[in-house]
Amino acid sequence: MLKRVPRASWTTVAPPLALVALVLTLGVPPGPVIAVVEAAFLIGAVLAAVHHAEVVAHRVGEPFGSLVLAAAVTIIEVALIVELMASGGNEAATLARDTAFAALMITTNGVAGLSLLLGSRRYGVTLFNAEGSGAALATLTTLATLSLAMPAFTTSHEGKEFSPGQLAFAAVASLLVYLLFVFTQTVRHRGFFLPIAQKGQKRLFEDESQADPPSSREARASLALLVVALAAVVGLAEQESPTVERAVTAVGFPQTFVGVVIAALVLLPETLAAVRAARRGRIQTSLNLAYGSAMASIGLTIPAIALASVWLEGPLVLGLGATQLVLLALTVVISMLTVVPGRATRLQGEVHLVLLAAYVFLAVIP
């Protein structure tokens, strides 16, 4: 299980220090030195958030632990998108779409692919619950189709935008579908989402010690530090966003690549947690994190952005382009072939990583 850390450990100190750094740099003109300092504290806050999320997850158990981290990632993502859309005007019209789609591609191909690759390198063939992973993939496909694919084909509004009524329906439907999945995952069919032992494991979690779960007091402390870390991450990432936008423009990348950077940044805690779980043979936990984060990125972000669009100025473009639609369809088909058997080899992990590489390449050179 998780190793206990002393109270004066860096994971305890990093969140408040990052918050202090945020306060001290507010209103300070951006520059190279400030950007480097903010980036250092941002990374420290992200890593600390991973630790404290895992402490809370260890206390509440699976699959609730995966939901804790997925919710944390979504809070960061929504805050960043709203901040950038509020200050970006028409130039940020596609930011919500680009970030949500980037999160989907990074999680379903990057996080899942890397987890399967690492797990299969150790155990040969990775095992997981096809029922739970299949249900998650079906839910994710529904969310992506309703919120990101459908606006490209509707005719009530010009361009790839929903009409106000369509946007309201998509927001309510996305939230409802996500909540139905959470109920299934945590209540109705919780067993479908619990890890299973890999071949060759002497016991289910052979790499974990027999330490007892953290006490309620320790879990509450970690929850408080997690909130502080997330607040620091949101603020520091927002402070860094102008630097990211300038860097993307300076290297000649399309402005839509900003969504890829934001998604990669906010999904760093999820990725690290999934990799650690895969190395311990908890492949189902890794897939819960991957698909759960993608679902939350759409099922919670789209309703929040729809609500924010009431007071945000400028258009809200959610419809995917032709290249993105092809990548989405290919990802769904390959993911279905991966999860339905309930077992995967290195090949499946490598194919998913190639799909991620293709997405990043085409995001740079459309």
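Throughout, read-outs are computed from the coordinates displayed, never taken from laboratory work. What you are looking at is a predicted structure, and each value in this text was computed from that prediction instead of being measured. Positions of Cβ are backbone-derived with ideal geometry, glycine not excepted, and every protein chain shown enters the neighbour counts.
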Open item on the list: Using a 7 Å offset from Cα along Cα-Cβ at THR154, what residues in the stretch 169-189 end up with backbone N under 15 Å from the label point?
Closed with: 169-175
- [ ] Using only the alpha carbons, work out the radius of gyration and Dmax of the chain in angstrom.
- [x] 20.0, 59
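What's the extension gain from LEU347 to VAL172 if we count 0.36 nm per residue and subtract their Cα-Cα distance? Write down the numbers at each step before the final one.
Values: separation 175, 0.36 × 175 = 63.00 nm, distance 3.80 nm.
So the extension gain works out to 59.2 nm.
For the chain, give the magnitude of the charge dipole about the Cα centre (Cβ charges: +1 Lys/Arg, -1 Asp/Glu; no others), in debye to the nearest 20.
Details: 22 positive and 21 negative charges, 313 e Å.
Value, rounded to 20: 1500 debye.
May I ask you to derive the FRET efficiency for THR186 and SER216 from their Cβ-Cβ distance with R0 = 22 Å, giving the value to the nearest 0.05?
Details: r = 20 Å, r/R0 = 0.89.
Once rounded, the FRET efficiency stands at 0.65.
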- [ ] Restricting things to alpha carbons, tell me how big the stretch 143-291 is in terms of Rg and Dmax, in Å.
- [x] 20.6, 59
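How big is Rg to Rh over the stretch 99-197, alpha-carbon atoms, Rh as the Kirkwood inverse-mean-distance radius?
Numbers: Rg = 16.8 Å, Rh = 15.6 Å.
On the Cα set of the stretch 99-197, Rg over Rh gives 1.08.
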Open item on the list: For LEU318, what residues show an amide H to amide H distance below 5 Å, using hydrogens built from the backbone and excluding near sequence neighbours?
Closed with: PHE162
Task: Relative contact order of the stretch 10-364, defined on C-alpha pairs under 8 angstrom at six or more residues apart (%) - done: 40 percent
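Compute the FRET efficiency between THR249 and ALA39 as 1/(1 + (r/R0)^6), taking r as their Cβ-Cβ distance and R0 = 22 Å, and round to the nearest 0.05. Provide the component values of the computation, followed by the final result.
On the way: r = 18 Å, r/R0 = 0.83.
Given R0 = 22 Å and the Cβ-Cβ separation, E is 0.75.
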